[in-house]
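Here's the structure, in structure tokens; my notes come after.
The values are calculated or read from the model by the stated rules, or taken from the named source; none is laboratory data. Being a predicted model, the structure only gives us computed values, none of them experimental. Glycine also receives a Cβ, built like all others from the backbone with ideal geometry; neighbour counts cover every protein chain displayed. Remember, those area values only see protein heavy atoms, side chains included, never the ligands or the DNA or RNA. Shrake-Rupley method; radii C 1.70, N 1.55, O 1.52, S 1.80 Å.
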Amino acid sequence: SESGASTGLKNVILTPDFFKHYPVLSDKDEMAQVYAIAKDPEGGLWTGVRGDNPVILINKDSRTEKLIIPEYETRSNPGAVRSLTPADEGMYIGFFQELLLFYDYDTKKFRRHILPAGGFRALINDSRGWFYLAGDRNDILYYDPGSMTLSKKIPYNPASPIYKFIIDNKGILWAGLNQSVVFRYDPESEKTESVYLLHNDYNIEDIHPGN
């Protein structure tokens, strides 16, 4: 109701063809905390969760498999998996901080990418297969994972974590920041713009292209 008072259940419409439940169990919780979801070229579903085995694969038959990730030396605990980014040959697995791994579908081996990044929560690959990701000095990194070289750094304002990247159909990069700001970068003209959507200090944690 408009007052917020409970008025009881009025109607239920069941749509089993539209939804499917995937049981994902973590090592630390009865109810898993899912931070990232991606689909590989074969239709398998990848989930980033809390726990000692932070990546769980769900195949097309709904069978689950825990991906065993080797231990890597880091300055601090890399935290949970925050991004899963599919590519033709494998999956990029980004942790909360310090650790970005590439998992090869064929060889089932891992390769680490070391970057001056402020964590790997927001990560996106463009039509070339290169990545945009948040740097650690209020900049966006443009990175070639094939040669493992950093192509450029794109400064942005205001100082903020980056919660979300998208690339629209014109190749424009958009980034969601805090302070209710969306950052826009045109790689062709190199022009940047910070758009303040509200006067309130909110995080822009998701962006979707419109028509």
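Below are the figures for this structure:
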read-out	value
Number of positions in region 175-211 that are in contact (Cβ under 8 Å) with a residue 24 or more places away in the chain, on the phi > 0 side of the Ramachandran plot and loosely packed, with under 15 Cβ neighbours inside 10 Å	0
Strands (runs of 3 or more DSSP E) contained entirely in region 84-179, each with at least 2 residues that are under 13 Å from the mean Cα position of the chain (by Cα) and closer than 20 Å to Asn203 by Cα	123-125, 131-134, 164-167, 173-176
Qualifying residue in region 85-105 (condition: without any contact (Cβ under 8 Å) to a residue 12 or more places away in the chain and touching an Asp or Glu at 6+ places or on another chain (Cβ under 8 Å))	no
Number of the exception - Glu65 against (1) in a strand (DSSP E or B); (2) modelled with pLDDT under 90; (3) touching a Gly at 6+ places or on another chain (Cβ under 6 Å)	(3)
Residue satisfying condition, being under 18 Å from Ala36 (Cα atoms) and open to solvent by less than 60 Å² (accessible area, probe 1.4 Å), within set Gly135, Gly79, Gly129	Gly79
Test: residue in region 41-64 that is open to solvent by 60 Å² or more (accessible area, probe 1.4 Å) and closer than 20 Å to Phe165 by Cα	no
Candidate set: region 189-211, residues that are under 22 Å from Arg128 (Cα atoms) and modelled with pLDDT of 95 or more; chosen: the one farthest from the chain's Cα centre (by Cα)	Ser189
From Asp88, Asp144, residue being modelled with pLDDT of 95 or more and within 26 Å of Gly44 (Cα to Cα)	Asp144
Residue match in region 185-202 (condition: of a type in the set (S, T, N, Q), in contact with a strand residue (DSSP E or B) (Cβ under 7 Å, 6 or more places away or on another chain), farther than 22 Å from Ile114 by Cα and in a loop (DSSP other than H, G, I, E, B))	no
Tabulated pairs, region 60-73, first on the phi > 0 side of the Ramachandran plot and of a type in the set (A, V, I, L, M), second assigned to a loop (DSSP other than H, G, I, E, B) and surrounded by 10 or more Cβ atoms within 10 Å (Cβ to Cβ), C-beta under 9 angstrom, 6+ apart or interchain	none
Region 30-41 residues that are outside any loop (DSSP other than H, G, I, E, B), paired with ones that are open to solvent by less than 70 Å² (accessible area, probe 1.4 Å) and at pLDDT below 90 (beta carbon under 6 Å, 6 or more apart)	Val34/Val49; Tyr35/Ala80
Pairs, first among the acidic types (Asp, Glu) in region 111-136, second open to solvent by 30 Å² or more (accessible area, probe 1.4 Å) and not in a strand (DSSP E or B), C-beta under 6 Å, six or more apart	Asp136/Pro116; Asp136/Gly118
Top-ranked residue of region 82-125 - restricted to ones that are of a type in the set (Gly, Ala, Ser) and within 17 Å of Ile162 (Cα to Cα), ranked as most open to solvent (accessible area, probe 1.4 Å)	Gly118
Count of region 138-147 residues which are under 14 Å from Ala87 (Cβ atoms) and surrounded by fewer than 16 Cβ atoms within 10 Å (Cβ to Cβ)	2
